[in-house]
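The structure appears below as structure tokens.
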Amino acid sequence: MKPAASVLLLTTSTGFGFGLLAWLGAYSALGLLPGHARILVVVGVATALLFASFGLGASMFHLERKERAWRAFSQWRSSWLSREGVAAVLTYPVAIAFAAVFWRDGQVIWTRLLGVAALVASLGTVYCTAMIYASLKPIRQWHNRHTAPDYLLYAVFSGAVLFATLHTMDLGAPGATASVAAAAAAGVALIAKRAYWRHIDTQTPLATLAAAIGLPKGVEARPLDAPHFTENFILRQMGFAVARRHAVKLRRMVLAIGFALPLACSILAGLALAPMATTTLAVACAGIGLLLERWLFFAEATHVSAVYYGRRI
Amino acid sequence: MTMLPERAPGAKKLGLVIDLDTCVGCHACAVNCKEWNTGGEAGILPDYDKYGPEPDGVWFNRIHSYETDGEGGSRTVNVPRSCLHCEDALCVTVCPTGASYKRVQDGIVLVDTDKCIGCQLCSWACPYGARELDEKAGVMRKCTLCIDRIYDENLPPAEREPACVATCPSRARHFGDLADPDSKVSKLVKERGGVDLLPGLGYRPTNKYLPPRRATIPTAPVKPPAPSGKGIGTALLGLLDKALSR
Amino acid sequence: MCACRCGIKVHLENGKLRYIEGNRDHPINRGVLCGKGSAGIMTAISPARLSTPLRRTGVRGSGEFEAISWDEALRIATDRLAAIRATDPNRLALFTGRDQSQSLTGHFARMFGTINYAAHGGFCSVNMAAAGLYSVGGAFWEFGEPDWEHAQLFLLFGVAEDHDSNPIKLGLGRLKARGAKIISINPVRTGYSAIADEFVAITPGTDGLLVFALIHCLLEAGRVDTEFLVRYTNAHHLVIDAPGDAEHGLIARDAAGRELCFDRSSGALVAAQAVGTDPALLGEFALPDGRRARPAFALLAERYCGPEHAPEAVASRCGVDAATIRRIAAEIAEVAFNQPVVLDQPWTDTAGRRHATMTGRPVAMHAMRGVSAHSNGFHTCRAIHVLQMLLGAIDTPGSWRYKSPYPKPIPGGPPPGKPGTPGGPLDAPPLGFPRGPEDLLVDEAGEPLRLDRAFSWEAPIAIHGLMHMAIARAYEAGPEAIDTLFLFMSNMAWNSAMNPGETTRMLSERDAQGGYRIPFVIVADAFASETVAYADLVLPDTTYLERYDCISLLDRPIGSAEGPADAIRIPVLRPDRDVRPFQDVLIELAGRLRLADFADERGAPLYSSYADYMVRHERRPGVGPLAGFRGEDGRGIGKGAPNPRQLERYVENGSFWRHELPHEQLYFKHANRAYLTGAKAMGLIDDDAQIVLQLYCEPLQRFRLAAEGHGLRRPPLRLRERIMRFFDPLPIWYVPLEEAMTDQVRFPLHAITQRPMAMYHSWGSHNAWLRQVLPENRIYLHRDLAAQLGVRDEDWVWVRSRNGSIRCQARTMDGVNRDTVWTWNAIGKRAGAWALKHDAPEFRRGFLLNHVISEYLPKRDDEVQHSNSDPVTGQAAWFDLSVSIEPCGPETHHETSPRPAANPLRVRWAAENS
Ligand SMILES: Nc1nc2c(c(=O)[nH]1)N[C@H]1C(S)=C(S)[C@@H](COP(=O)(O)OP(=O)(O)OC[C@H]3O[C@@H](n4cnc5c(=O)[nH]c(N)nc54)[C@H](O)[C@@H]3O)O[C@H]1N2
Ligand SMILES: Nc1nc2c(c(=O)[nH]1)N[C@H]1C(S)=C(S)[C@@H](COP(=O)(O)OP(=O)(O)OC[C@H]3O[C@@H](n4cnc5c(=O)[nH]c(N)nc54)[C@H](O)[C@@H]3O)O[C@H]1N2
Ligand code: SF4
Ligand code: SF4
Ligand code: SF4
Ligand code: SF4
Ligand code: SF4
Ligand SMILES: [Mo]
């Protein structure tokens, strides 16, 4: 599948934002936030919404007819994209209420409940995003049991490193729990990513060319002539393929930059070694790494329709 | 509404039956489709770079050629590919706007281009590559099963069929109601063992494809007769012995 | 739009084209349209359309022109042609492509008085036309069709698309629906061959051998229809066997000129066409004058029973194994003789015998350019007709059938016209049917009179002329011989040229004084083709939706086995440019030149337009361009006085006319009394006698006898051996000439082209839809061969022949004869042409195989250089090419070669001048 910048930014950036919001919510729900962390919560929620809004804004660039975007909220009964939109929009008032009440009252029962709501809403939105991809049957690299949990994990992970940074900014140190959480999330995300790759590498293609053209099993088919000589929409979108050599290199970079470095940084930050620098570095690495990861998520994905053109699926 | 409709009893399942045994791969259906839909109510099917280095455009129907090896040896198979108007049309359910929908009364899958936001998700959801983005209007396009022909009361009944069916010179394309077991198309599917494309994916396409076959003429095995030296064989001599009448 | 001539309905919206659809009532296409037809809208709005008459300003080929008025254009043309006509009319050479007005252009040439006229057929499929018309009085080439409703076995030789493209597809669909078996004999498995039930990957140029082997098997098994042979063919006619005699090999005739046969019941020589005899098909008989004679069939049986014609002997050469050949022969015999089609339809034959039923052999055959575009194609096509005759499978239920107005008396028409009074018309149409040496157009020394050397000893039966030689010969002949080359609807500087590089050089070469070797070139075209750039004067035509056209019975008609038909096209769009229908222009030109039949005695033009001509012109009394709705009342069929309301009647009838033959006339037309009398009454034929099918082709022997030194007209010495060899009255096979003269070690592969179904020669590329399908082409080769050569899909390779090299990209496949490579025809374009942008793929990766085909055979010291043509008919031998393939090195430029420099049209408009 052709990676489109808008979609990469959307999923990565909303991951950070909603991940961060989820952490704020979770901390609040569990009563882990010190009562005086008003600034942390308000800045945190604002940052989360900023990231989310940036991502959602970027996604608009993927729409050919932006002026009609409002229509996208209507089909929540069947469409994960619609659900994502609805969930994202619902998350905003929840997040704002959470921040506002916290500003006014600090840690109280209401903020704990609103924390739970923010957690659910933000992860729910991420889940909807993930399901957009996970529900697409023609793309085996997406339509599998890894996609949804992975998206949640990456959001939790990117939110964690961001949370740790804010925590450090506000309180001078990330605090043990945030660091541990960030490090742990990085570790789990790393393992999940490797598991995902192992999974897609061992998958068999969804179909043979013979099945695609209705011939019985055991018949071998090869393309002779394609309908048109030049690339068309389908080939540009679904026929995109990344060279194996490239992919291997990129995978290594994702693991190193996206997960291993943030993991290391989080441990260092937890050990109070230049916490501001290390947490910021963790965020930067996670950002770059996850963008790369997302690029690969698209570039390595193959669409079954490309089989008609004899492309690898 | 992008929820798939419940199949109402008695509802039609309109679709195409394409005979791979007869398709010569001439592209006539594809071009005629383009012609009809360019001027038709569905709007304009755009072309890009018409006279330049990369001519491209939107087509609802594209013709592939393949070579296959199977029982009876290698052969060439031409495969026209267009929307199959699936029963489990994921392209419809993923649509966030309701632009994509499947009609209750006849199962035709359509895009309402006035609603479409061009998010392209539906094209990702279609395993058959049947949807193409109109990069000029920014909306998704797909085969309409020529809804503006098949229901056009101004046309004589014989002409109420999709443009691609009407034009196919080898008559490899058939149109009809696949819900009606007595329809011409259902009978063809039954007689000829019509199949689904990519059955494993579970989209339950309405359109069916009739597989290639081979007609044979049984004859006794022939061995070369033993070399009879030169001259004319006995069989011919015997034949020519018989009286003729001019 | 193309030579298939389907009926279309054009829908307009606000004066603009909205939709073109097939006319469901039309006999040709019955509602279907091909891809090109469906893309007609884009042709009508193509930017490549010419928009004004042009006069050359730059050097030839530069593309520099100035716009001139029609008046000026016509004045230039008239002055030039009038001067030619006053001195030597033959200095005008008029060559036209696949237009539908050859009866008009041919008549113009005749009235002008030039013998130098030719049309499409010469580079196309004259082998099929000639072999058919000299054998069965019809031909595969547009003049016949399989009985799609009854055939059980269909053999298709060398067809990718055909003139009858929609009818063939409709027919194949019918065969498929009925479960009949289709065997495609073709080196390449695409299109029709893809859906064939059996594909025979024959080696190019060897179909004759395969057919002989089939004949061999049938003879061996005694599976021939002897009854059919004696009734309908000349199989029993006695052939004089007197080597050295002036009549050796001719048919023995009695004093009244009637052919003789030996009647076994009376034991006497009798008129071969007499009824109630028991003619001998074998044996040797003494003629009254003591010479010996043998039935034609005996000669045939002796020849093809020979071991050299056994499947085992030809298998490796044909690339088809012997068992397959034997099985196919058995299948043919099985269907022909064990599964006859019997129609409950009484009919009466020419002998007056009433038959209760029509019984046929449901084996149908069709062949086209895969057979014809080889230099042995005439004989190969004859071989197929002989096979059909042996099976009794000519115009019977289930077999191949004549399309009315065929059959015609063999060989099909009068001999070619000869100059009459100086400055006057020819005594017959310029293209005709020589029956022997006396009909050739040669001088005292036996050398050609015609520019293209048609009807000379180099190509005696060149009944359509030699289009592919026109430019080369005009160049060679020089300004003394030819002044004006007038080209209409043919892209003769590019895809219909063998060797376009040479051709364009010849067109632009000047002598020391700066004059062009071909002094004046007029091109009538509708689009900015490659050839337009080489014109001195361009007459811009309308597109097909902007003019009247006439698909006439006098031309290449659209009739079917069910009856004769013709059609008109009416203008539906008003041209938005300063263009005029070519036919109108030609008629005006003829009027200005005061040609007989176009102007009255006082020199006033007779016709105001082509539409007017279509209605009022009479070729013979009562016979005009249109056969339908004739007579004052419009009831005349075929014959009748001109009807002023004729065109309206056509329009009311869907722009075509069709006469449906009664059932009794649908088969055995060559010997069906009711049909023949009816056809005569309609003016389709002049004589309603039985048309005797020519198993043995006597006219060929006449040429041969001349080569042996008999008669007054003899070939020049250097050509005698050639005539002796190729003018065998029974079909022969020989290695195609170019192949035989080419080093097969250096160039071991056959190279051929096919027509893509979605492109029409050169003019699909300016169509925005069609060019998406095929903007560039590849050379296709067998996967095994590719592996052997180290070539993979899309690799750049050199295709080399003795004539040059082409750099192009390869594609591999399984469905191709192992020793054959092929590509689509006419996809490659010259940069600058067709209003395409400078970086179009048609220029950069599309290529023409023509660049490595030569119009001449290799020169041998002892001989003149022959054209690359069939020695009998002059048919262009496009498919005789031998090549080698080698991968390009890594230094490959990703572009095709040769790539002549761009020469786009640059027009200076009058306004800019002042
Ligand atoms: N290698 C190879 N070469 C071949 C062949 C092959 O098989 N292989 N086939 C040969 C055969 S059979 C043929 S028939 C020739 C065909 O070759 P051509 O006769 O050259 O055919 P076209 O390329 O169609 O050129 C026809 C010309 O007519 C012009 N034209 C189109 N419509 C109109 C119109 O309405 N009015 C006028 N005045 N002009 C119009 C086009 O612009 C074009 O310039 O090619 C031959 N060349
Ligand atoms: N779409 C389309 N239709 C056309 C045209 C066009 O340009 N485009 N052109 C029109 C014209 S002018 C013509 S003449 C007709 C020609 O129509 P066709 O007769 O179909 O001519 P080609 O396409 O040249 O196909 C020749 C076929 O013969 C095969 N062949 C080559 N050599 C041999 C051989 O030795 N033996 C056998 N058995 N087969 C062989 C080739 O593989 C190819 O399939 O088409 C007409 N119709
Ligand atoms: S073929 Fe594709 S576009 Fe058509 S209904 Fe099925 S899934 Fe949807
Ligand atoms: S592109 Fe249009 S039709 Fe397709 S899913 Fe998006 S809104 Fe729906
Ligand atoms: S049914 Fe109509 S829209 Fe669909 S492919 Fe055929 S012609 Fe095109
Ligand atoms: S028009 Fe008919 S024969 Fe031609 S490609 Fe389409 S389905 Fe096949
Ligand atoms: S075959 Fe195609 S281009 Fe030719 S007349 Fe018929 S529809 Fe037109
Ligand atoms: Mo041709």
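Number of residues in region C:591-613 that are open to solvent by less than 30 Å² (accessible area, probe 1.4 Å), farther than 18 Å from residue C:71 by Cβ and among the aliphatic types (A, V, I, L, M): the value is 3.
Matching residues to (1) under 20 Å from residue B:138 (Cα atoms); (2) open to solvent by less than 50 Å² (accessible area, probe 1.4 Å); (3) assigned by TED's automatic domain parsing to the domain that holds residue A:258; (4) more than 17 Å from the chain's Cα centre (by Cα):
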position	(1), (2), (3), (4)
A:14	no, yes, no, no
A:18	no, yes, no, no
A:30	no, no, no, yes
A:52	no, yes, no, no
A:59	yes, yes, no, no
A:76	no, no, no, yes
A:83	no, no, no, no
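The requirement of being in contact with a Lys or Arg (Cβ under 8 Å, 6 or more places away or on another chain), outside the structural domain of residue A:33 (by TED's automatic domain parsing) and on the phi < 0 side of the Ramachandran plot is fulfilled nowhere in region A:157-177; no residue meets it. Considering region C:27-37, the residues that are open to solvent by less than 30 Å² (accessible area, probe 1.4 Å) and in contact with a Lys or Arg (Cβ under 7 Å, 6 or more places away or on another chain) include one that is farthest from residue C:766 (Cα to Cα), namely C:27.
Could you say whether any residue in region C:56-65 is more than 14 Å from chain B (Cβ to nearest Cβ), within 30 Å of residue C:6 (Cβ to Cβ) and open to solvent by 10 Å² or more (accessible area, probe 1.4 Å)? Scanning region C:56-65 turns up no residue that is more than 14 Å from chain B (Cβ to nearest Cβ), within 30 Å of residue C:6 (Cβ to Cβ) and open to solvent by 10 Å² or more (accessible area, probe 1.4 Å).
Of all residues in region C:728-757, those satisfying the criterion of being part of a loop (DSSP other than H, G, I, E, B) and within 20 Å of the chain's Cα centre (by Cα) are C:731, C:736, C:755, C:756, C:757. In the set A:191, A:257, A:234, A:200, only one residue is β-branched (Val, Ile, Thr) and in contact with a Lys or Arg (Cβ under 8 Å, 6 or more places away or on another chain); that residue is A:200. Here residue C:247 meets each of (1) in a helix (DSSP H, G or I); (2) in contact (Cβ under 8 Å) with a residue 60 or more places away in the chain with one exception, condition (1).
Look at (1) within 16 Å of ligand 2 (Cβ to nearest atom); (2) surrounded by fewer than 22 Cβ atoms within 10 Å (Cβ to Cβ) and you find that residue C:96 fails only one, number (2).
Being out of contact with any Cys (no Cβ under 9 Å at 6 or more places or on another chain), on the phi > 0 side of the Ramachandran plot and more than 14 Å from chain B (Cβ to nearest Cβ) is a property that residue A:25 lacks.
Of the residues making up region A:70-79, those that are more than 7 Å from chain B (Cβ to nearest Cβ) and in contact with a helix residue (DSSP H, G or I) (Cβ under 8 Å, 6 or more places away or on another chain) are A:73, A:76.
For region C:338-369, the candidate set comprises residues that are surrounded by fewer than 14 Cβ atoms within 10 Å (Cβ to Cβ) and assigned to a loop (DSSP other than H, G, I, E, B); within that set, the residue that is farthest from ligand 6 (Cβ to nearest atom) is C:352. The helices (runs of 4 or more DSSP H) located wholly in region B:51-153 that include 2 or more residues which are open to solvent by less than 10 Å² (accessible area, probe 1.4 Å) and within 7 Å of chain A (Cβ to nearest Cβ) occupy B:121-125. Against the conditions (1) farther than 30 Å from residue C:595 by Cβ; (2) out of contact with any Gly (no Cβ under 9 Å at 6 or more places or on another chain), residue C:401 satisfies every one except (2). Are any residues in region C:708-725 in a helix (DSSP H, G or I) and surrounded by 23 or more Cβ atoms within 10 Å (Cβ to Cβ), and if so, which ones? C:723, the sole residue that qualifies.
Within the span defined as region C:881-896, one or more residues are of a type outside the set (S, T, N, Q), closer than 17 Å to residue C:750 by Cβ, crowded, with 24+ Cβ neighbours inside 10 Å and in contact (Cβ under 8 Å) with a residue 60 or more places away in the chain.
Within region A:158-165, is even one residue among the hydroxyl-bearing types (Ser, Thr, Tyr), modelled with pLDDT under 95 and either open to solvent by 10 Å² or more (accessible area, probe 1.4 Å) or over 30 Å from residue B:199 (Cβ atoms) (or both)? Yes, region A:158-165 contains at least one residue that is among the hydroxyl-bearing types (Ser, Thr, Tyr), modelled with pLDDT under 95 and either open to solvent by 10 Å² or more (accessible area, probe 1.4 Å) or over 30 Å from residue B:199 (Cβ atoms) (or both).
Taken together, C:133, C:153 contain a single residue that is away from ligand 2 (no atom under 11 Å from the Cβ), over 30 Å from residue B:219 (Cβ atoms) and touching a residue at least 24 places away in the same chain (Cβ under 8 Å), which is C:133.
Being under 19 Å from residue C:684 (Cα atoms) and either outside the structural domain of residue C:332 (by TED's automatic domain parsing) or away from ligand 6 (no atom under 16 Å from the Cβ) (or both), is that true of even one residue in region C:112-122? Checked against the condition, which is being under 19 Å from residue C:684 (Cα atoms) and either outside the structural domain of residue C:332 (by TED's automatic domain parsing) or away from ligand 6 (no atom under 16 Å from the Cβ) (or both), region C:112-122 yields no hits at all.
Scanning region A:253-298 for residues that are open to solvent by less than 40 Å² (accessible area, probe 1.4 Å) and polar (S, T, N, Q) yields A:266, A:278, A:279.
Here are the criteria: (1) touching a residue at least 40 places away in the same chain (Cβ under 8 Å); (2) more than 14 Å from every other protein chain (Cβ to nearest Cβ). Tell me which single one residue C:218 does not satisfy. The one condition residue C:218 does not meet is (2).
Condition test on residue B:188, is it open to solvent by 20 Å² or more (accessible area, probe 1.4 Å), within 16 Å of ligand 6 (Cβ to nearest atom), within 13 Å of another protein chain (Cβ to nearest Cβ) and of a type outside the set (Gly, Ala, Ser)? Considered against the rule, which asks whether it is open to solvent by 20 Å² or more (accessible area, probe 1.4 Å), within 16 Å of ligand 6 (Cβ to nearest atom), within 13 Å of another protein chain (Cβ to nearest Cβ) and of a type outside the set (Gly, Ala, Ser), residue B:188 comes out as yes.
Of all residues in region B:23-44, those satisfying the criterion of being surrounded by fewer than 23 Cβ atoms within 10 Å (Cβ to Cβ) and either more than 16 Å from ligand 4 (Cβ to nearest atom) or on the phi > 0 side of the Ramachandran plot (or both) are B:38, B:39, B:40, B:41, B:43, B:44. In region C:13-26, the residue that is nearest to ligand 5 (Cβ to nearest atom) out of those that are open to solvent by less than 20 Å² (accessible area, probe 1.4 Å) and more than 8 Å from chain B (Cβ to nearest Cβ) is C:23.
None of A:267, A:313, A:257, A:234 is farther than 30 Å from residue A:156 by Cβ and either in a helix (DSSP H, G or I) or within 18 Å of the chain's Cα centre (by Cα) (or both) except A:234.
Every residue, every condition in (1) closer than 26 Å to residue C:762 by Cα; (2) over 24 Å from the mean Cα position of the chain (by Cα); (3) open to solvent by less than 10 Å² (accessible area, probe 1.4 Å), yes or no:
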position: C:539; (1), (2), (3): yes, yes, yes
position: C:543; (1), (2), (3): yes, no, yes
position: C:555; (1), (2), (3): yes, no, no
position: C:565; (1), (2), (3): no, no, yes
position: C:578; (1), (2), (3): yes, yes, no
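The values are calculated or read from the model by the stated rules, or taken from the named source; none is laboratory data. As the structure is a prediction and not an experimental result, all values here were calculated from the model. Cβ atoms come from the backbone with ideal geometry, glycine included; neighbour counts cover every protein chain shown. Keep in mind that these areas ignore ligands, DNA and RNA; they rest on the heavy atoms of the full protein, side chains included. Shrake-Rupley method; radii C 1.70, N 1.55, O 1.52, S 1.80 Å.
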